[in-house]
Amino acid sequence: MEFSMFPTDKGESVSAYVSRILTFIDGSGVSYRLTPMGTIVETETLDDALRVLSEAYKLMEPDCKRVYVSAKMDIRKGRKSGLTQKIESIEKHTGKKLRNS
């Protein structure tokens with residue numbers, strides 16, 4: 001799942017709020033990759049992915065009146081290490097190492 005979540009009522013810079021979510025994700029044990037526009041997490045089940053979203057929202061809810069959330073999911077049963085396998089597959093087809101972060 002790739003998602004972004006941030007308050008829209010806290011001004012121009014919201015990194016302090018987003019940092020709460022990343023602290024939670026980092027301690028949760030799920031595989032993740034932070035990007036400039038969002039965070040990619042890899043979970044075993046859909047319920048686990050939705051739990052990440054729910055817990056992230058709970059971190060915003062106490063002091064944010066309006067929260068923006070965007071989420072995309074690619075559900076593939078039995079696949080592990082999708083964060084790296086997808087990139088490796090593209091690099092194999094292009095014949096070279098690509099910048100991905």
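Ordering 54, 23, 11 by Cα displacement along the dipole of region 6-59 toward the positive end leaves 11 in first place; charges were set at the Cβ atoms of Lys, Arg (+1) and Asp, Glu (-1). Taking the Cα centre of the chain as reference, the dipole from Cβ charges on Lys and Arg (+1) and Asp and Glu (-1) amounts to some 460 debye. What the pair-distance distribution of region 1-90 shows, using all Cα-Cα distances binned every 5 Å from zero, is 3, 13, 26, 24, 16, 10, 5, 3, 0 percent. Shown for the chain: lysine pairs separated by 8 or more places, or found on different chains, whose C-alpha atoms are under 26 Å apart, numbering 15.
Taking trypsin sites (Lys or Arg not before Pro) as exposed when their DSSP state is a loop state and no more than 13 other Cβ atoms lie within 10 Å, the longest site-free interval of the chain runs over 1-64.
Using C-alpha pairs under 8 Å with a sequence gap of at least 6, the mean separation divided by the residue count of the chain gives a relative contact order of 38 percent. Quick one: angle between helix 82-94 and the longest Cα principal axis of the chain, in degrees between 0 and 90, rounded to 10, please. That helix lies at roughly 40 degrees to the long axis. If I fit a long axis through the Cα atoms of helix 15-28 and take the longest principal axis of the Cα atoms of the chain, what angle between them do I get, 0 to 90°, rounded to 10? It is inclined by approximately 60 degrees.
The C-alpha atoms of the chain define a longest principal axis, and helix 46-60 lies at about 30 degrees to it.
Every read-out reported here was derived from the displayed coordinates using simple, explicitly stated rules and does not represent laboratory data. Everything quoted here is computed from the prediction, not taken from an experiment. Reconstructed Cβ throughout: ideal geometry from the backbone, glycine too, with neighbour counts over all protein chains shown.
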